[in-house]
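Peer 1: One structure, pasted below without further comment.
The values are calculated or read from the model by the stated rules, or taken from the named source; none is laboratory data. This structure is a prediction, so every number in the text was calculated from the model and none was measured. Here Cβ is always computed from backbone atoms with ideal geometry, including for glycine, and neighbour counts include all displayed protein chains.
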């Protein structure tokens, strides 16, 4: 972990937006330096270069490949946690994850800028991306919640959220069929005062802190407790701190196979603390009700996330999340890396139009499009949780193609998303459809 960054930049694959301004040494018009003096001079310059590099790494919006034109997606692959070493901070570190293994889970879509009116209501005119998340209320899970973000030149920010809400029966807990709890839908808009989770430029000294208060209204009916559509609230207070704790070289296996690749990176640590408080009729909720639902008054949740950021990727290269001192999740970015073959083209120019028919009520999805080459393409289908539910290879010659995607019979009704990827894993088309059998 203490190995130095490779200084032979002409041979390195590292291509950050660095402004290297280190200068050292002196010239003499009268003394011709001998070989030993030249070596000493070069050593001193090299020392100055390495010593000053930590203050020079700087990432801006242009270093990331995620597009603003709403036709791009961040794809991530879950990795095995066993044997994974939590990264340690420090200057000029060497983090080698070239042998880390993927899990058996399929790639997930965590963030998308494939935004249509379904994603971008008029409430969030500045948003350029949407994040899909779920919310747990005891044993119940609310899905199809959206966080709207903006990838701007000044930083990445949260523009607002939509909480889907939902109703859940409590009969399995109370024995009464009429008992239930309803969480109400809500929209929070931060367009005029966005929540930045980091600002550009992202440097070795970056620090950012923000606090947040979230309120979810609900009503609950429990006959035995004398509750009949009693109003309640979940109040969550959050504290979040992002800070760069290290810089150095990250070694990852190449997506094309062969020798591993090295990237100059910043290591950002995110500390998050949140506390949930539950109220019924504006007073603290009774412990008996909370215990029955698996909830705890004023429970403190804490997590740490370590993320490596470097140029030429769509987002963080590698992310490890720790919840309550336990490694909970490790994911790596699997989007194409700009510059490994050729620079990513303008996605607007390479996009292909797709027709989707018939309405996939019969369990199959037919895509029609113009294929630009004879290489193998892939079509990926995701649910609103970012889980891949279908992956099929399209082996066809160039020209008009009609491909039928077989959807599993057990899929629930609702909205699904598809991405059409070419042989370089570039997204050529994306869209959504509603499955209703």
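Peer 1: Inside segment 329-433, counting only strands (runs of 3 or more DSSP E) that do not spill past its ends, which hold 2 or more residues that are modelled with pLDDT under 85 and either surrounded by fewer than 19 Cβ atoms within 10 Å (Cβ to Cβ) or in contact with a helix residue (DSSP H, G or I) (Cβ under 8 Å, 6 or more places away or on another chain) (or both)?
Peer 2: 354-357, 388-394, 414-421
Peer 1: For residues that are outside any strand (DSSP E or B) and in contact with a strand residue (DSSP E or B) (Cβ under 7 Å, 6 or more places away or on another chain), scanning just segment 300-324, find the one that is surrounded by the fewest Cβ atoms within 10 Å (Cβ to Cβ).
Peer 2: 324
Peer 1: Something else about it: Restricting to segment 287-323, what's the tally of residues that are touching a helix residue (DSSP H, G or I) at 6+ places or on another chain (Cβ under 9 Å) and either free of Cβ contacts under 8 Å to residues at least 60 places away in the same chain or not assigned by TED's automatic domain parsing to the domain that holds residue 251 (or both)?
Peer 2: Adding up the residues that qualify gives 2.
Peer 1: Taking into account only those residues within segment 251-280 that are touching a strand residue (DSSP E or B) at 6+ places or on another chain (Cβ under 6 Å) and not in a strand (DSSP E or B), which is farthest from residue 96 (Cα to Cα)?
Peer 2: Result: 254.
Peer 1: List pairs: first residue in segment 81-99 and closer than 11 Å to residue 306 by Cβ, second residue in a loop (DSSP other than H, G, I, E, B) and modelled with pLDDT of 95 or more anywhere in the structure, Cβ distance under 7 angstrom, at least six positions apart or on different chains.
Peer 2: 95/87
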